[in-house]
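The structure under discussion appears below in the form of structure tokens.
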Amino acid sequence: MATTLDDLLDALVVPPAFSRYDRITDTTTLSDTQAWKSRVLPTLSQLDVSSSSLSTAEQAKLVRVLAPLTASAPWTSLRSRTLAATLLATISPTPALVTYTLSNVVKPLFAATPHPRLHLTTARALSRPADAQDTYHHQPWKDHPGLEEILRWCILNTQSPTYEQIWPLILPPTMTFLDDYEVPYKVLGVHLVSDMLTRVPPELLLRTGVDALLFTSLTNALNHLRDPSTPELIYAAVPTTLQLIDITTPSLFPNASAFPLSTDDTGGASSKDLSLALSPSLHRSLATRFNRLSTLLSSSILGTVVLYTPTVVPSEPAPIVDPFSDQEHMASESESEPFPTQPVQGARPSISVPHPTLVAAAHVLPPVISALGVGATRFLKGVVPVVVGWLALPISTPVSAPPTIDPSEKGGEPNQSQESVDGPFALHLAALHVVHVLIDTCPLRIARWATTITDGLARCWVNCVDAVTTKTAPPQLGVLQGRLKGVASELANACPHVVRNEFTKLLEFDRMLFDGLVGSICTTSGDDATPGSAVVTNNSSTATSQTV
């Protein structure tokens, strides 16, 4: 039985060639990998793991072989993943098995390249990097495709009370994935950190100083902007960073209802009194939370991703005819004047497809702003002009835009505010969602930006009208127009003076053009207003301006 089991398991070990599958050019290697993949499902069907007499070492070998086969990767199919997951679920994840797997399967692969920022014995964060060899010089763990699934199985099957014992075994390989120089491995590391944060006690992160190390590594991951996997990295890294901030620092102000704030003489507590009532440790925790959220928004997203990413995908340069590539011309070196270079006729014209990295950054902005709350008012000067610039971008046609992908087809829930992730106006929809969150989060400070936001809404509306008049109007254009009208209505509710000033001026400029955007808002506002209420509205507007 043991020999048969070992033979089956050896046949199911993922070949190392799959770790570089996207770069394989040798046809023999490709055929070998496909032949192995075709044998996986029949071999799994012969595997019997129901015996209760398996030793810990044999169970660890089962985990070592079955866990990589549950990954959505080139070496698996839907049926093989389902069967492998079913077999893996029959193994009882005892603490002894998890510890044995980490010690004897995972740890030896990372022993040659220890993480320079972690203590080798305690896995505490070091104040400065250890004086070690280049951690990227030799990486034997990359020759084991699916290794992250073994580590994930150990992470998810470890309860909070036992994390203290396996901390030096589980953290170093996770950090090695996260801090790797290749973006695909960084993405795997971010997902491993996210899984770990659902199990690890926050006290352990704070006591070992790993919370600060994880925050630094997650924000540094957003510096890698020239890789095809960068959008995926952004979609994963920002939510994981928010998850880290939420579990290591309080997300809500404690007992806010017990301290009614007041700025007059009604007897309520002032903000200074409330600050003095906080304990020093809680005060430091709140300050750390705000500083990390501010760093994530200002330095990582706005100061790195948005600043250094082009707004649209650069068009492919037209091929250049090199006259010296012809042997006949290469012989004529005596001519002093070079031949003029002319682009090949029929080259692809320039297009204006939103850059996927920028779309990803726009999609992760709203949760960061919501986490900051009223503190986001500090960054309105940096966020609003950027978002308005996105709204003013021209709308590309379906020919030059990638196909629309429904989020529900990706396994996620459909989002009303983000109808399309990769559509021709994905950046416009994401920008409108950012404006919606800004209005909802900073209603008292958004008034001074009402004119700028109205300008962006109007420019986007004009682009929509221009696109409708063309024969190749993008699909779902009505979704974008509906969101524009919705955000305009939200802006009018938050800043009533915008109806009398900016919206009215738009109608005076071209009623036929902007009636669909703000016509109903101005009509409703005019019908509801009475002579008495108009005075109140003006006073309210003045008060709002004075507050701002």
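The values are calculated or read from the model by the stated rules, or taken from the named source; none is laboratory data. Predicted model, so just to flag it, every value in this text is computed and none were measured. Every residue, glycine as well, gets a Cβ built from its backbone with ideal geometry; the counts of neighbours run over all protein chains shown. Heavy atoms of the whole protein, side chains included, go into the accessibility calculation; ligands, DNA and RNA do not. Shrake-Rupley method; radii C 1.70, N 1.55, O 1.52, S 1.80 Å.
If I ask for residues that are over 19 Å from residue 239 (Cβ atoms) and either open to solvent by less than 20 Å² (accessible area, probe 1.4 Å) or outside any loop (DSSP other than H, G, I, E, B) (or both), which ones from the stretch 354-374 would you list? Answer for the stretch 354-374, where residues must be over 19 Å from residue 239 (Cβ atoms) and either open to solvent by less than 20 Å² (accessible area, probe 1.4 Å) or outside any loop (DSSP other than H, G, I, E, B) (or both): 354, 374. Of the candidates 25, 56, the single residue that is more than 16 Å from residue 143 (Cα to Cα), open to solvent by 30 Å² or more (accessible area, probe 1.4 Å), among the β-branched types (Val, Ile, Thr) and touching a helix residue (DSSP H, G or I) at 6+ places or on another chain (Cβ under 6 Å) is 56.
Among the residues of the stretch 154-164, those that are in a helix (DSSP H, G or I) and surrounded by fewer than 21 Cβ atoms within 10 Å (Cβ to Cβ) comprise 156, 160, 161, 162, 163, 164. Within the stretch 80-91, if we keep just the residues that are in contact with a helix residue (DSSP H, G or I) (Cβ under 6 Å, 6 or more places away or on another chain) and open to solvent by 30 Å² or more (accessible area, probe 1.4 Å), the residue that is farthest from residue 212 (Cα to Cα) turns out to be 83.
Say whether the condition of being closer than 14 Å to residue 64 by Cα, open to solvent by 40 Å² or more (accessible area, probe 1.4 Å) and within 30 Å of the chain's Cα centre (by Cα) is met by at least one residue in the stretch 92-110. Yes, the stretch 92-110 contains at least one residue that is closer than 14 Å to residue 64 by Cα, open to solvent by 40 Å² or more (accessible area, probe 1.4 Å) and within 30 Å of the chain's Cα centre (by Cα). Once the stretch 187-236 is narrowed to residues that are among the hydroxyl-bearing types (Ser, Thr, Tyr), open to solvent by less than 60 Å² (accessible area, probe 1.4 Å) and assigned to a helix (DSSP H, G or I), the residue that is nearest to residue 163 (Cα to Cα) is 208.
Counting only helices (runs of 4 or more DSSP H) that sit wholly inside the stretch 416-512, those with at least 3 residues that are modelled with pLDDT of 90 or more, open to solvent by 10 Å² or more (accessible area, probe 1.4 Å) and farther than 26 Å from residue 231 by Cβ are 450-469, 477-494, 504-509. Taking the criterion of being exposed (fewer than 15 other Cβ atoms within 10 Å of the Cβ), of a type in the set (A, V, I, L, M) and closer than 29 Å to residue 90 by Cβ, the only residue of the stretch 28-40 that qualifies is 35. Evaluated against (1) crowded, with 20+ Cβ neighbours inside 10 Å; (2) within 15 Å of the chain's Cα centre (by Cα), residue 184 falls short on exactly one condition, (1).
Modelled with pLDDT of 95 or more, of a type in the set (S, T, N, Q) and surrounded by 15 or more Cβ atoms within 10 Å (Cβ to Cβ): does that describe residue 298? Yes: the conditions hold for residue 298.
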